[in-house]
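Read the structure below first, then the notes.
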Amino acid sequence: MVDYDAFSRRHIGPSEDQAQTMLMELGYSSMADFIADVVPQNIAMTKRLSEALPRALNEVDVIAELRALADKNDVYRNVIGTGYYGTITPPVILRNVLENPAWYTAYTPYQPEISQGRLEALFAFQTAVCDLTALSIANASMLDEGTAAAEAMTLARRVYKGSDDAVFLIDINVHPQTIAVVQTRAKPQGIKVEVLDLSKNPSHNEVFGVLVQYPNTRGEIIDYSALATWAHSKEALLIAATDLLALTLLKAPGEWGADIAVGSAQRFGVPMGFGGPHAGFMSVREGLERSLPGRLIGQSVDAHGNPAFRLALQTREQHIRRDKATSNICTAQVLLAVMSAFYAMWHGPAGLKTIASRVNRQTQELASSVTASGHRVVHSNYFDTLVIEVKDAPELHKRADSKKINLKRIDATHVGVSLDETTDAKILKDLCEIFGGGAVGATGKSIPDSAVRSSTYLRHPIFNTMRSETSMLRYLRTLSDRDLALDRTMIPLGSCTMKLNATTEMEAVTWPEYSSLHPFAPAKQNAGSRELIEQLSDWLIKITGYDAVSLQPNAGSQGEFAGLLAIRNYHDSRGDQGRTICLIPSSAHGTNAASAVMAGMQVVVIECDDHGNVSIDDLKAKIAQYSASLAAMMVTYPSTHGVFESAITDLCGLVHDAGGQVYVDGANLNALVGLAQPGKFGADVSHLNLHKTFCIPHGGGGPGVGPVICRSHLAPFLPNHPLDELAGPATGPGPISAAPFGSASILPISWAYIRMMGGEGLTLATSVAILSANYMAAKLNPMFPVLYTGEHGRVGHECILDLREITKVSGVSVDDIAKRLMDYGFHAPTMSFPVAGTFMIEPTESEDIAEIDRFIAAMTAIHGEIQEIMDGKISVEESALRHAPHTIESVLAANWEGSYSREVGGTPSVRNGLVSGEIIGMQGKYWPTVGRIDGAHGDRNLICSCPPISEFA
Ligand SMILES: *Cc1c(COP(=O)(O)O)cnc(C)c1O
């Protein structure tokens, strides 16, 4: 009997009948028989997942349960600051971006022709960061402020020419979580870090970098220009952690000598969210752009000579440079960077300055009131933050508590206050009362003349034309229309698991009970969020068969780093300091190698055999060669080749026997949930990608959550946090993200998914994901051979199509097919990973058979086009494949010079009846807004921010 209420019916695309059809096509009579042929017996779960997880709830009931948890959170007004501030998300951005699937279901813009909307927004983000920090080049977001500072440290280390003994200096008044994240990063790499008072120049000799906060964590504005000069005299870089809102009033870091600026764009319209997600940022001075970590958007030209955006330079850097990569960042914080860019456009330079000036004036008013009440404001140069010396801090906290306000806790005789955009007359009055006085008018000034900003910023028209909501709304719509996201078509990207991000799962993210929490507020105020975190943690443990988990890592790459660090510290704790070799198969995701280096390990590559499996012979040889120094083996399961290797248990055994630990990259967990458990088949630790398997949307390249999950012997080495003792074990290595629970505000998404699917639904989802992949593989194999299969000729939840022979015979490249798919209205599969010259396809369980067949039909039609080239009817240079994608302008051009008709070029999907919802025909046709983009041109002529106003004259 059908349970019409069941959410799994909505999440899983193929109906029972459709699944049956696919099984029959593959020659099976039941799902059980099919799965038994795919998942090796030696790893198959013997118990049902439904026995371990609570029974599935329907969509209405899950909202009620999320409500009940939300009600256990007490939303105070926060003036804690320390990197997290109240902000008002403009409703037009909240609804049309943060809550809009056209934005949040997009993928990382590796296919720039169908990503011009978010690329334009990210370009504006880079421009805003460059302008406000007065540095020449900014990237398209970092994971948070703490990791941005850590990346800046390693950047400084990379470009430093002096000795290995050089130290990294951090001012004591940098945000404490930033200091801690930097220290966690520095230790495994053997980088010496010293935390000291840098308000006066130090006397160190060998220094490669200096980190200060501007204004500092106590709110004080200090002139660091002499420190910068001193740092430069030592060949060191000066890094300023800074605040974009403050910089609308303050002399910019680039104007007083900083080489790098880092920070968080949170207060540009992104809710605090109990710590995240927000966009971290980094900008650097000229000359450092080629060392910049993370993603950089650049401008280039398309085939018609028109300007077009694309990822520049280090695109997929880890995949090319692997252990030599500048960082392991893959998923970043695109959605949040996009929101912050729109916030800057919405307010414009004048609006931002008005907000900042108001905050500064209110802070002055508070300072004068507090002073009049007999307390002492510790420093007189500030933007929005005061440290106040009081007689009895606990008493003040008690008074604040009675008004539901969180002051910053410093010590017994000091409290801190940071005001922000949300500060209104009421809270100002309440604050004055807490300190015992009434409101007093502002007096004097708090920004010293030498620190007052005189330079202009955000003068590009894009920041000066979105005054009315009408124009903003239409601009947002225009941009999202340029992009192809999951709300229009399947995105069959292997390894990326672009599945449904259900609306019910998204609901709670923007409820104030989850979105307005400060990460450093007292624990009793966020009991509901902590309960949700506990439950989600417990379920992930039950699903994977591990014993302990940390939700702190805010991307898969960060989970990898945390997991390898746990291995490293485990060995060290047993006196096994020499274990630093990490074995990684040649087919591994590039982040693996980059993360191993971050954890202070050396990467040794293991070859794969002809079937795509890890070569047991090579593994044995490498283990023998490195036995005493073997730290870990890092493998993906099912493999990145899309295959369930039955030898996995043997592999794990060999590594364990040699004293090593096994890291299983869990990005492919969508093939395992309910069927097999890495924590039980031999692995010691994994990271999961909640933004793949557990339905957090990709956001166009972030946010993500990459929990690190392990067996009990590694649990003492999971991340913790200096400002939240409940966030991890006391024996942990320190934080690897700025916030105790990382991107906490998006955890309700994965929580809701698991809660609504239940064990049975999750297991069915996995089975259908594998079934759909095998159905596609079988249908496409005659045209595009499937490269690797498992023992019974089956693939896992994804498959690799080998295009190399086609390229050899016809000259049609992987790129040609990827771009041609755009003309058919599809997003290309993953290209050339893990094998060059291939496609990797992952349909996921969320696509129904009609959509899968539509994709197969498009690939079939494309194969027909390739056949015409092979038959000599048209040359590859003249073919629609080579000229893809086609823009509307190009096919409507007065003089069409193509060797094929305009219709063949521009509307093959319509001609082939492939537009989804056929009745709308041409209307449903997706048009890329630019032609094929010349990547090399963009890298040669690097343009990464909007040109200055002078060029618009
Ligand atoms: C996606 C992925 C990663 C990295 O995850 P991010 O969240 O992008 O950092 C690592 N390994 C594999 C196999 C992946 O597919």
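Do you know which of the residues in segment 631-651 that are more than 16 Å from the ligand (Cβ to nearest atom) and not in a loop (DSSP other than H, G, I, E, B) is farthest from LYS680 (Cα to Cα)? Walk me through how you get there before you give the answer.
Looking only at segment 631-651, we keep the residues that are more than 16 Å from the ligand (Cβ to nearest atom), and these are 631, 646-647, 649-651.
Filter again for not in a loop (DSSP other than H, G, I, E, B), leaving 631, 649-651.
On the way: ALA631: 20, THR649: 10, ASP650: 13, LEU651: 14 Å.
Ranking the candidates gives ALA631 first.
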Breaking point among (1) under 25 Å from ALA739 (Cβ atoms); (2) within 15 Å of the ligand (Cβ to nearest atom), for ILE541: (2)
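Could you count how many residues in segment 868-897 are under 34 Å from the mean Cα position of the chain (by Cα) and among the small types (Gly, Ala, Ser)?
Initially, segment 868-897 is screened for residues under 34 Å from the mean Cα position of the chain (by Cα), giving 881-888.
Narrowing further to those that are among the small types (Gly, Ala, Ser): 884.
Residues that pass the stated criteria total 1.
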Of the residues in segment 584-618, how many are of a type outside the set (S, T, N, Q), out of contact with any helix residue (DSSP H, G or I) (no Cβ under 9 Å at 6 or more places or on another chain), more than 15 Å from the ligand (Cβ to nearest atom) and part of a loop (DSSP other than H, G, I, E, B)? 2
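Residues are listed down the side, and each one gets a yes or a no for (1) within 16 Å of the ligand (Cβ to nearest atom); (2) outside any loop (DSSP other than H, G, I, E, B); (3) of a type outside the set (D, E, K, R); (4) assigned by TED's automatic domain parsing to the domain that holds VAL181:
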site	(1), (2), (3), (4)
TYR663	yes, yes, yes, no
HIS691	yes, no, yes, no
GLY700	yes, no, yes, no
GLY704	yes, no, yes, no
HIS713	no, yes, yes, no
ASN720	no, no, yes, no
Scanning segment 380-403 for residues that are surrounded by fewer than 18 Cβ atoms within 10 Å (Cβ to Cβ) and closer than 20 Å to SER450 by Cβ gives SER380, ASN381
Which one of the conditions (1) among the aromatic types (Phe, Trp, Tyr); (2) within 37 Å of the chain's Cα centre (by Cα); (3) exposed (fewer than 14 other Cβ atoms within 10 Å of the Cβ) does PHE855 fail to meet, given that it meets all the rest? (3)
Among GLY653, GLY642, GLY666, GLY659, which is the only one that is in contact with an Asp or Glu (Cβ under 6 Å, 6 or more places away or on another chain) and either surrounded by fewer than 24 Cβ atoms within 10 Å (Cβ to Cβ) or not basic (Lys, Arg) (or both)? GLY642
Checked pairs for segment 734-747, first on the phi < 0 side of the Ramachandran plot, second of a type in the set (Lys, Arg), C-beta under 8 Å and 6 or more apart or across chains, list as ILE736/ARG185
Of the residues ILE405, ILE427, ILE410, which is more than 30 Å from LEU458 (Cβ to Cβ), of a type in the set (A, V, I, L, M, F, W, C) and out of contact with any Gly (no Cβ under 8 Å at 6 or more places or on another chain)? ILE405
Can you pull out the residues in segment 110-147 that are under 25 Å from TRP256 (Cβ atoms) and aliphatic (A, V, I, L, M)? ALA128, VAL129, LEU132, ALA134, LEU135, ILE137, ALA138, MET142
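From the list ALA676, ALA628, exactly one residue is more than 16 Å from the ligand (Cβ to nearest atom), among the aliphatic types (A, V, I, L, M) and more than 18 Å from VAL795 (Cβ to Cβ). Which is it?
Numbers: ALA676 fails: more than 18 Å from VAL795 (Cβ to Cβ).
The unique qualifying residue is ALA628.
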Number of the condition not met by LEU654 [criteria: (1) under 17 Å from GLY559 (Cβ atoms); (2) more than 12 Å from the ligand (Cβ to nearest atom); (3) hydrophobic (A, V, I, L, M, F, W, C)]: (1)
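Go through segment 555-583 and give me each residue that's hydroxyl-bearing (Ser, Thr, Tyr) and within 16 Å of the ligand (Cβ to nearest atom).
In the first step, residues of segment 555-583 are kept if they are hydroxyl-bearing (Ser, Thr, Tyr); the result is 557, 570, 573, 580.
Passing the criteria: only SER557.
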If the Cβ limit is 9 Å and pairs must be 6+ apart or interchain, which residue in segment 569-589 that is closer than 16 Å to TYR663 by Cβ and touching a residue at least 12 places away in the same chain (Cβ under 8 Å) pairs with which residue that is among the basic types (Lys, Arg) and within 16 Å of the ligand (Cβ to nearest atom)? ILE584/ARG322; ALA588/ARG322
Looking only at segment 787-814, filter to residues that are of a type in the set (D, E, K, R) and touching a residue at least 40 places away in the same chain (Cβ under 8 Å); which one of those is surrounded by the fewest Cβ atoms within 10 Å (Cβ to Cβ)? GLU791
For segment 890-906, how many residues meet the condition of being of a type in the set (Val, Ile, Thr) and touching an Asp or Glu at 6+ places or on another chain (Cβ under 6 Å)? 0
Among (1) under 22 Å from ILE93 (Cα atoms); (2) touching a residue at least 24 places away in the same chain (Cβ under 8 Å); (3) not polar (S, T, N, Q), which single condition is LEU407 missing? (1)
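Just to be sure, is LEU428 at positive phi and touching a residue at least 12 places away in the same chain (Cβ under 8 Å)?
Details: at positive phi: no; touching a residue at least 12 places away in the same chain (Cβ under 8 Å): yes.
So LEU428 fails the test.
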Which one of the conditions (1) in contact with a strand residue (DSSP E or B) (Cβ under 9 Å, 6 or more places away or on another chain); (2) buried (at least 24 other Cβ atoms within 10 Å of the Cβ) does VAL835 fail to meet, given that it meets all the rest? (2)
Going through segment 599-611 one residue at a time, which ones are farther than 25 Å from GLY559 by Cβ and not charged (D, E, K, R)? HIS611
Out of all the residues in segment 300-319, is one or more of a type in the set (Lys, Arg) and within 16 Å of the ligand (Cβ to nearest atom)? yes
Only unsatisfied item for ILE297, checking (1) aliphatic (A, V, I, L, M); (2) touching a His at 6+ places or on another chain (Cβ under 8 Å); (3) crowded, with 24+ Cβ neighbours inside 10 Å, is (2)
Residue in segment 854-877 that is farthest from PRO908 (Cα to Cα), counting only those that are among the charged types (D, E, K, R) and assigned to a loop (DSSP other than H, G, I, E, B): ASP871
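With respect to ILE736, is the statement that it is assigned to a helix (DSSP H, G or I), in contact with a Gly (Cβ under 9 Å, 6 or more places away or on another chain) and within 16 Å of the ligand (Cβ to nearest atom) true? Write out each step before concluding.
Details: assigned to a helix (DSSP H, G or I): no; in contact with a Gly (Cβ under 9 Å, 6 or more places away or on another chain): yes; within 16 Å of the ligand (Cβ to nearest atom): yes.
Considered against the rule, which asks whether it is assigned to a helix (DSSP H, G or I), in contact with a Gly (Cβ under 9 Å, 6 or more places away or on another chain) and within 16 Å of the ligand (Cβ to nearest atom), ILE736 comes out as no.
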Segments classed as helices (runs of 4 or more DSSP H), wholly inside segment 458-549, with at least 3 members that are of a type in the set (A, V, I, L, M) and under 19 Å from the mean Cα position of the chain (by Cα): none
For strands (runs of 3 or more DSSP E) lying entirely in segment 328-446, having 2 or more residues that are basic (Lys, Arg), modelled with pLDDT under 95 and out of contact with any His (no Cβ under 8 Å at 6 or more places or on another chain) picks out none
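Residues checked against (1) more than 24 Å from ASP17 (Cβ to Cβ); (2) in contact with an Asp or Glu (Cβ under 7 Å, 6 or more places away or on another chain); (3) in a helix (DSSP H, G or I):
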residue: LYS779; (1), (2), (3): no, no, yes
residue: MET783; (1), (2), (3): yes, no, no
residue: TYR788; (1), (2), (3): yes, no, no
residue: GLY793; (1), (2), (3): yes, no, no
residue: LEU801; (1), (2), (3): yes, no, no
residue: HIS827; (1), (2), (3): yes, no, no
residue: PRO834; (1), (2), (3): yes, no, no
residue: PRO843; (1), (2), (3): no, no, no
residue: GLU851; (1), (2), (3): no, no, yes
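The values are calculated or read from the model by the stated rules, or taken from the named source; none is laboratory data. As the structure is a prediction and not an experimental result, all values here were calculated from the model. Every residue, glycine as well, gets a Cβ built from its backbone with ideal geometry; the counts of neighbours run over all protein chains shown.
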